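See below for the structure under consideration.
Any read-out appearing in this document is the output of simple, stated calculations on the displayed coordinates, not a laboratory observation. Quantities reported herein were computed from a predicted structural model and do not represent experimental measurements. FYI the Cβ positions are ideal-geometry reconstructions off the backbone, even for glycines, and counts take in every protein chain you see.
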Amino acid sequence: MFVLLLIGFGASAAEVKLLFFYLTGCSQCAPMKEFLAELAERYPELEVRAYEVGLSPKNWRLMMRLADAYGLKDAEVPVVFVGELGVAGPAPGNTLLIEEEVQRCIAEGCPSPIERLGRGRWIPSLNPLETVVLVLFLAWALYIVLQG
């Protein structure tokens, strides 16, 4: 009986992790967010994790590291990673690609996108807020040096 329960448990559909990166107020991100909510309702095995990148340097860096690991040249929000798929921007075919990859991952199993982080070359990157702060600091430091 115990063995049968284990076999039945192992035959269940795989849990699928999908990572969604967005900016608050992003007009292209809202439709993707709605699509992913509907997708999660249709596929209970799907776990959608959303990360706001505008005010979170940690989330921005995670998105950039994943973009590198997936080989995305341009990580323009909205950005989605699931299974072997990484897509960026509001391209019309992205929703179809995402749903197909979710279905494949449910049927075959897929590792979490986080597990790919060891595969890419990681280059530290700054989010836009950090870049502005750094530029202002450097301008202030240059001003002090030139005045002194």
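Highest mean first, what order results for 57-66, 91-100, 130-139 on Cβ atoms within 10 Å? Intermediate results must be reported in sequence, preceding the final value.
Numbers: 57-66: 19.0, 91-100: 13.6, 130-139: 10.9.
Top of the packing list down: 57-66, 91-100, 130-139.
In deg cm²/dmol and to the nearest 500, what is the mean residue ellipticity at 222 nm of the chain if only DSSP H runs of at least 4 residues count, each as -39500 (n - 2.57), divided by the residue total?
Numbers: 5 runs with 72 residues, N = 148.
Dividing the helical sum by the residues of the chain leaves -16000 deg cm²/dmol.
Using Cα pairs under 8 angstrom and six or more residues apart, how large is the relative contact order of the chain, in percent? Display every interim value, and only then the final one.
Numbers: 205 pairs, mean separation 42.5, N = 148.
Once normalised by length, the contact order is 29 percent.
Bin all alpha-carbon pair distances of the chain at 10 Å intervals from 0 and give each bin's fraction as a whole percent.
11, 34, 28, 14, 9, 4, 1, 1, 0
Give me the dipole magnitude in Debye, nearest 20, for the chain about the Cα centre, with unit charges on the beta carbon: positive for Lys and Arg, negative for Asp and Glu. Write down the numbers at each step before the final one.
Details: 12 positive and 17 negative charges, 115 e Å.
I would put it at about 560 debye.
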